[in-house]
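Student: Handing you a structure now.
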Amino acid sequence: MSDLLIVPRPQICEFSGGHITINSSWEITCTDYRVSQVGIELQELLLAQLHIQVPLYKTGNSQINLALNESLQEQEYKLVVEEASIQIMGGSVLGVHYGFVTLKQIIMQSGSSLPILKIHDWPAFEVRGFMHDIGRLKIPKIETVYRMIDMLSDLKINQFQLYMEGYCFEYEQYKQNWPEATPITKEEMQAIDRYAKQKFIELVPNQNSFGHMEKWLNNDAFSYLSLYEESEGNRGSTLDPTNPASFHFVRNLFNELLPAFSSNKVNINFDEPFDLGRGKSKELSDEVGVGNVYVQFFEKLYQLLAKEHGKSVMLWGDVLMNHPEMLDRLPKDITLLDWGYDQKMKTFEKNGPVLQASGIDFYFCPGTSAWHSLAGKTDNMMNNIEDAVCAGKKYGAKGILNTDWGDVHGNWHYLPISYPGMVYGAQLSWNVENKGKADLVKYLDRFIFRDEQEQIGQLLLDIGNYFQLEGYDLHDATMTYNTLTNGLLSAEKDREIYLDNLWALREYFDIHFDQSVLNHYDFAGFRKLIADAKIRLEQSVLQCDDKEIVYMEIQNTIRFIEHAVTLKEMIKKDEQNPTRFEKMKSHLLEILSAHEPLWRYRNKGGNYEISIKTLQSLLTQYEDMIENEKQS
């Protein structure tokens, strides 16, 4: 059964040879009422996949038996397919569910004729989470969130977070301040919470509450919470911790948010308070230190959430890693989230010993690398996730929280661009040894896109590696993506921008670069990649239920890349040809025409116009160049 794919790969899987055939005379027994939900899922699977109606009983000796086994750990399971029966045993209902998920994959590939096998399986990490950013313009429709939950459940993910900054949850008390917004409502979030629970996933509330608050602060109704005086012309992105009104505001957010969730956890984020130590906090920070000011504000919020709401608090660890002396001040019942998204950073290996010594639970948090990229950064994503899980095992991380961020310029990448990172993070957080592209590609083809030609998985990974044609690996972004956001520049200005990036990389990573890498942007390689991608996309035969949308999303992703590469080449050659600008204008209008319905299919529409402002500015630049050339 070398072609049978199980993702995540089981810890132990033994094939005995031979097959067993499920037929309509079979029955299911759930020996404990607590596993009846899994039994119902199995009934539905057999009907949908094999068109077999199988009765479900509480007692008896059926061909399919689902049972609890106290000798197994909570998430551990055994799946035994014998000559006349199928047994799933789990240390808890969750374990039985994971056994069912594995059986589901086997049935979807083998039909009613299953290989005889024995699987004994358990996760590498207690918590295997996925966090999706809904705070940067793209607020998904509830159907989109359900789709993500279905995918995550099939990958044995057990925690899901929707990252929020700004007004993306409908806070009733602040609704009047955001008349054009289309946030997730309380009723929708409660429905998402129930759906996730049915799929054995914990939906953890997530709301940034210190840094990344610029959307609130830039609304005049909340400017008084800024660290800066209005006369300074900059409201920053950090709440003023010296202003009692800041805590009152955050308390209002959580008091309204938390009742929408059944989880006993909450992620307050608390990362990147860039303005802390400046403005109104400067005097106090100079007196007691920035680290102390940070911890004092945290302690207030911790008291509210842990003591009044009974929640276990999570927060990002970036500030505390810069002030490790503050770790002893923190309560031991929190969870620190250590993030790092660049394969060059080696953050987890660096911070692992400090976190291990702290005695505080922690997760390592890599990412999908989908943001600031258009098509992802495949090899960076894979190396980043591998670094996280290897360091996680080495230093005793409680979990892996794989992150899927948006971006600040418009969040133009489509949801399927995140799927490779979603799958790979799940693979390795369950089984650290499940490395490499082979299982990832097959899973994307067989279970996500259901591509009969098995083209699309490798295609996504290949276009996600376009950054390797750019000459150097830009931190947390790609040069091609930045070409679109920077717009139409002179060749001299373009080179100046990337030289600045180069020096920043040298300083940040202590990596030495030769300036000649700026001349290594491989235009011929890009043209070949784009032409090849178009052909391979045409050859794919998708059977997923959103196949038309996925096809158009990947098609428009290729257009985005093609447009950026052409623009980059025009800038380098300092072209002033009005005919070329006419073609670029026409091509960008084609991209935008396809982009809007794709955006609105998966997301609420409130932020769409904001999301394309940068692209509209580029369009205006083309029009101005055309007009200037005509006049001259």
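The values are calculated or read from the model by the stated rules, or taken from the named source; none is laboratory data. Note that this is a predicted model, so its numbers are computed, not measured. Using ideal geometry, Cβ is built from the backbone for each residue, glycine included, and neighbour counts are taken over all protein chains shown. Just so you know, the surface numbers come from the protein's heavy atoms only, side chains and all, with ligands and any DNA or RNA stripped out. Shrake-Rupley method; radii C 1.70, N 1.55, O 1.52, S 1.80 Å.
Student: Kindly provide the set of residues from region 5-22 that are touching a Ser or Thr at 6+ places or on another chain (Cβ under 7 Å) and surrounded by fewer than 16 Cβ atoms within 10 Å (Cβ to Cβ), ordered by number.
Tutor: Within region 5-22, HIS19, THR21 qualify.
Student: For region 436-446: of the residues being touching a Leu at 6+ places or on another chain (Cβ under 7 Å) and of a type in the set (A, V, I, L, M), which is surrounded by the most Cβ atoms within 10 Å (Cβ to Cβ)?
Tutor: Step by step, filter region 436-446, then rank; the result is LEU444.
Student: Let me ask something else. Would you check which residues across region 223-251 are aliphatic (A, V, I, L, M) and open to solvent by less than 10 Å² (accessible area, probe 1.4 Å) and list them?
Tutor: LEU225, LEU227, LEU239, VAL250
One line per residue, one yes/no per condition, for (1) out of contact with any strand residue (DSSP E or B) (no Cβ under 7 Å at 6 or more places or on another chain); (2) crowded, with 18+ Cβ neighbours inside 10 Å; (3) at pLDDT 85 or above:
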| residue | (1), (2), (3) |
| --- | --- |
| ILE448 | yes, yes, yes |
| ILE463 | yes, yes, yes |
| TYR481 | yes, yes, yes |
| LEU484 | yes, yes, yes |
| GLU492 | yes, no, yes |
| TYR498 | yes, yes, no |
| ASN519 | yes, no, no |
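Student: Could you please let me know if LEU327 is under 27 Å from the mean Cα position of the chain (by Cα), in contact (Cβ under 8 Å) with a residue 24 or more places away in the chain and closer than 16 Å to PHE362 by Cα?
Tutor: No.
Student: Any residue in region 72-79 that is out of contact with any strand residue (DSSP E or B) (no Cβ under 6 Å at 6 or more places or on another chain), open to solvent by less than 30 Å² (accessible area, probe 1.4 Å), under 26 Å from PHE447 (Cα atoms) and free of Cβ contacts under 8 Å to residues at least 60 places away in the same chain?
Tutor: Yes, that holds for at least one residue.
Student: Output the residue which, of all residues in region 26-62 that are at pLDDT 95 or above, open to solvent by 50 Å² or more (accessible area, probe 1.4 Å) and assigned to a loop (DSSP other than H, G, I, E, B), is nearest to GLY99 (Cα to Cα).
Tutor: GLU27
Student: Ok, one more. Only residues that are crowded, with 20+ Cβ neighbours inside 10 Å and either of a type in the set (D, E, K, R) or closer than 30 Å to ARG194 by Cα (or both): list them for region 264-297, please.
Tutor: The answer is VAL266, ASN267, ILE268, ASN269, PHE270, ASP275.
Student: Being without any contact (Cβ under 8 Å) to a residue 24 or more places away in the chain and out of contact with any helix residue (DSSP H, G or I) (no Cβ under 7 Å at 6 or more places or on another chain) narrows it down to one residue among LYS332, LYS350; which is it?
Tutor: LYS350
Student: Within the bounds of region 567-576, is there any residue that is polar (S, T, N, Q) and modelled with pLDDT of 95 or more?
Tutor: No - not one qualifying residue is present in region 567-576.
Student: Here's another thing I want to ask about it. Are any of the residues in region 90-100 open to solvent by 40 Å² or more (accessible area, probe 1.4 Å) and modelled with pLDDT of 95 or more?
Tutor: Checked region 90-100: no residue is open to solvent by 40 Å² or more (accessible area, probe 1.4 Å) and modelled with pLDDT of 95 or more.
Student: Considering region 142-193 alone, what residues qualify as being of a type in the set (Lys, Arg) and either in contact (Cβ under 8 Å) with a residue 12 or more places away in the chain or under 20 Å from PHE100 (Cα atoms) (or both)?
Tutor: Result: ARG147, LYS156, LYS186.
Student: Quick check on GLU548: is it within 25 Å of the chain's Cα centre (by Cα), at pLDDT 95 or above and not hydrophobic (A, V, I, L, M, F, W, C)?
Tutor: Spelling it out, GLU548 is indeed within 25 Å of the chain's Cα centre (by Cα), at pLDDT 95 or above and not hydrophobic (A, V, I, L, M, F, W, C).
Student: Filter region 134-150 for residues that are touching a Phe, Trp or Tyr at 6+ places or on another chain (Cβ under 9 Å), surrounded by 20 or more Cβ atoms within 10 Å (Cβ to Cβ) and closer than 15 Å to PRO416 by Cβ and give the result.
Tutor: LYS138, MET148
Student: Six or more apart or on different chains, Cβ atoms under 6 Å: show the pairs whose first residue is in region 404-416 and over 10 Å from ASP133 (Cα atoms) and open to solvent by 10 Å² or more (accessible area, probe 1.4 Å) and whose second is assigned to a loop (DSSP other than H, G, I, E, B) and at pLDDT 90 or above.
Tutor: From residues that are over 10 Å from ASP133 (Cα atoms) and open to solvent by 10 Å² or more (accessible area, probe 1.4 Å), the pairs are HIS413/ALA370; HIS413/LEU374.
Student: Taking interchain pairs and intrachain pairs at least six residues apart, which have beta carbon atoms under 9 angstrom, with the first residue in region 239-264 and farther than 17 Å from TRP216 by Cα and the second of a type in the set (Lys, Arg) and at pLDDT 95 or above?
Tutor: Correct list of pairs: THR242/LYS280; LEU258/LYS311; PRO259/LYS186; ALA260/LYS186; SER262/ARG194; SER262/LYS197; SER263/LYS311; ASN264/LYS311.
Student: With the condition kept exactly as written, say whether any residue in region 379-396 is among the hydroxyl-bearing types (Ser, Thr, Tyr), over 23 Å from ILE549 (Cα atoms) and within 16 Å of the chain's Cα centre (by Cα).
Tutor: No, because not a single residue in region 379-396 is among the hydroxyl-bearing types (Ser, Thr, Tyr), over 23 Å from ILE549 (Cα atoms) and within 16 Å of the chain's Cα centre (by Cα).
Student: Now for a different question. Given region 294-400, what helices (runs of 4 or more DSSP H) lie entirely inside it while holding 2 or more residues that are farther than 30 Å from LEU444 by Cβ?
Tutor: In region 294-400, 318-322, 347-358 are the helices (runs of 4 or more DSSP H) which contain 2 or more residues that are farther than 30 Å from LEU444 by Cβ.
Student: Quick one: which of ALA391, ALA397 is touching a helix residue (DSSP H, G or I) at 6+ places or on another chain (Cβ under 6 Å) and among the hydrophobic types (A, V, I, L, M, F, W, C)?
Tutor: ALA391
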